[in-house]
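A short worksheet on the structure shown next.
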Amino acid sequence: MSNRVALVTGGGSGIGREICRALAADGRRVAAADINTEGAEETARMINEAGGTALGVEIDVTSTDSVVDARLTVLDQFGEVEVLVNCAGWDDFMPFVTTTEDFWDRVIEINYKGVRSEVHTSELQSLIPFSYAVFFFSYLLFFFLSFSFFFLPFFLLFLSLLLSSLPSPS
């Protein structure tokens, strides 16, 4: 699989950066794409200095035009993308009761619609059924984590209050 072209959204920092570095170490040409252009370019610089081939690309996964522009840049520089990693994501951990509609709109735009934008603008159309399966399981994981992080404490509190209000067995 060496010399294949990989596009990694969220490649400007954190897990996305490490995925870029691992793909490059495995011989792939990597496009580190991020809304943080400086971070994406830093990732590309790190890879290039280590002997790999990389390009930093600006992308805003909430904008289809930005996604298309980034893909065209990668196509022009490296050729067709064969490996697509959707790692762009955002969250701000806070108690569920303090979240706002704008907060959830941003989470959904970046974490879910961003994946859709990437896949729908992809020349990897044969992978769309697989991508939808990944997308579906991502939703399940999100709701499981949301339940355990936000709702489970409330559920346990409710359950303990309910149980404490029951008459004790004699």
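The values are calculated or read from the model by the stated rules, or taken from the named source; none is laboratory data. Keep in mind it's a predicted model, so treat the numbers as computed, not measured. Ideal geometry is used to build each Cβ from the backbone, glycine not excepted, and the neighbour counts take in all protein chains shown. Keep in mind that these areas ignore ligands, DNA and RNA; they rest on the heavy atoms of the full protein, side chains included. Shrake-Rupley method; radii C 1.70, N 1.55, O 1.52, S 1.80 Å.
Let me check I've understood the local charge: for Val107, count other residues with C-beta under 13 angstrom from its C-beta, Lys and Arg +1, Asp and Glu -1. What total comes out? Counting the neighbours of Val107, the net charge comes to -4. Note on Thr121 and Val97: with the Förster distance fixed at 41 Å, the Cβ-Cβ geometry gives a FRET efficiency of about 0.65. Please calculate the 1.4 Å probe accessible area of Thr100, with all protein chains present, and give it to the nearest 10 Å². Around 70 Å² of this residue is reachable by solvent.
Solvent exposure of the range 1-113 amounts to 53 Å² per residue of accessible area, where only protein heavy atoms count and the probe is 1.4 Å. Quick one: net charge of Ser63's neighbours, Cβ under 15 Å, K/R +1, D/E -1? Overall, the nearby charge balance is -4.
Sorted largest first by accessible area at a 1.4 angstrom probe radius, with every protein chain in place, the residues Glu101, Glu58 fall in the order Glu101, Glu58.
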